[in-house]
Amino acid sequence: MTSQTTAGGPRHFLDLDRFDSQTLRQLVDLGKAYKAGRTINRPLAGKLLAMIFEKPSTRTRVSFEAGMKQLGGDVIVLTRGDTQLGRGETVADTARVLSRFVDAIMIRTDSPAKLDDLVSYATVPVINGLTDESHPCQVMADVMTYEEHRGSLAGKVVAWIGDGNNVAASWIHASAHFGATIRLACPDSLMPADKAVSWARERGGRVDLMTDPAQAAAGADLIVTDTWLSMGCRDDDRSKILAPYQVNEALMDRAAPDALFMHCLPAHRGEEVTDAVMDGPRSVVWDEAENRMHVQKAILTWCLA
Ligand code: CP
Ligand code: NVA
């Protein structure tokens, strides 16, 4: 993976393991300032963001578009069927062309290699709007949301329950940056990527892998889950393997008394999470969704400053 800033080149927002903790701290703080309305008006007036979606989206698309417009800029949304990418034009050539028209490019795609190609050939900042391996914008919003409700993550225990997927990998990165312990309870076949776990451990982060959701949830300060079937996954009996990993009130009751519940959404109610938890007093999922926009305004400003 290319680093977020090439020497003298554009500032990219890629995976969280490419950042120093201080920059991420500043981005979360700027997201909070935007939410509080404490920032200059329209700092991105005249700027244009292209958003390439090779997978569906509600929150990422709308939060980037709303955020960009609130900052004075504008967006062009390109879905798979709209562009020549769908007919085999390379990401590299697309990157070269888009860079002549827009000031930044956000991409949601399957393969991290496509993100790398975009970064290698674009001459403008690139933002990772989700790949099969990570979802950094989401987890920046999650960190902001936890801090708004409960203060610093330092010394806290985050319990990830279910599929050790792209969002889990970004949470592993974030836990190491923000000083939390992360416990991941996943079936053996759906453990998180070794790369993320090793990176976090090498920099002193505490990552505990287990298969028992009750063990992960015990005394935890935050319970996080996600769909059992991420976009692009094959449904090879996942719901059977993951059935014991549902986040329900019994599991939440094992966590700390003031524990929060998060889910990046979209949720599949009755599968990975029950209605009672989604709609219950410990759930902060709507703040989490809203904070996508605030923290992405910070990311956009940082990339385009
Ligand atoms: N959480 C998230 O990225 O949602 P969308 O897939 O709707 O963008
Ligand atoms: N893990 C999910 C996240 C959706 C925002 C997916 O990749 O489909």
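All of the numbers you see were taken from the coordinates with simple rules; none came from a lab. Note that the structure is a prediction, hence the values are computed from the model and not measured. Positions of Cβ are generated from backbone atoms using ideal geometry, with glycine treated the same way; all protein chains shown enter the neighbour counts.
For residue 208, nonlocal amide neighbours, meaning residues 5 or more places apart or on other chains whose placed amide H falls under 5 Å from its own, are 182, 183, 184. When the chain is treated as a Gaussian network with alpha carbon springs shorter than 10 Å, the biggest mean-square fluctuation among 31, 151, 162 belongs to 151. Near residue 268, the amide H atoms lying under 5 Å from its own belong to 273; only residues 5 or more places off or on other chains count, and H is placed 1.01 Å from N.
Around the amide H of residue 254, modelled in the peptide plane, lies no amide H under 5 Å away from a residue 5 or more places distant or on another chain. Rounded to the nearest whole Hz, the Karplus-based 3J(HN,Hα) values (6.51 cos²θ - 1.76 cosθ + 1.60, θ = phi - 60°) of the range 35-42 follow the sequence 4, 7, x, 9, 10, 5, 6, 6, with x at glycine and proline.
Contact order, relative form, for the range 77-167: 23 percent (alpha carbon pairs under 8 Å, 6 or more residues apart, mean separation divided by residue count).
Cross-link partners of residue 35 among lysines, defined as those whose alpha carbon lies under 27 angstrom from its own and excluding same-chain residues fewer than eight positions apart: 47, 69, 156, 297. Evaluating 6.51 cos²θ - 1.76 cosθ + 1.60 at θ = phi - 60° for every residue in the range 46-55, the Karplus couplings come out as x, 8, 10, 10, 8, 10, 9, 10, 8, 9 Hz, glycine and proline recorded as x.
Extension gain for residue 250 to residue 45 (0.36 nm times residue separation, less C-alpha to C-alpha distance): 68.9 nm. Restricting the range 230-273 to trypsin sites (Lys or Arg not before Pro) that sit in a DSSP loop and have at most 13 other Cβ atoms within 10 Å of their own Cβ leaves 234. Each part reduced to its alpha carbon centroid, the range 124-202 and the range 218-234 end up 11 Å apart. Where a ≥ b ≥ c are the square roots of the eigenvalues of the C-alpha gyration tensor, would you call the range 192-251 rounded, which needs a/c under 1.5, or, failing that, prolate if a/b is larger than b/c, or oblate? Cα axes put the range 192-251 in the oblate bin.
Given R0 = 22 Å, the distance between the Cβ atoms of residue 154 and residue 195 translates into a calculated FRET efficiency of 0.35. Model label sites at residue 111 and residue 38, defined 7 Å from Cα along the beta-carbon direction, differ in position by 4.5 nm. Listed values for the range 216-223 are Karplus-derived 3J(HN,Hα) couplings in whole Hz (6.51 cos²θ - 1.76 cosθ + 1.60, θ = phi - 60°), namely 5, 6, 4, x, 5, 8, 8, 10, and x replaces Gly and Pro. When the Cα gyration tensor is reduced to axis lengths a ≥ b ≥ c, the ratio a/c stays below 1.5 for the range 136-288, which is therefore classed as rounded. The label-point distance for residue 236 and residue 80, in a model that sets each label 7 Å from Cα toward Cβ, rounds to 2.0 nm.
Dividing the summed -39500 (n - 2.57) terms of all DSSP H runs of n ≥ 4 by the residue count of the chain sets its mean residue ellipticity at 222 nm at -11500 deg cm²/dmol.
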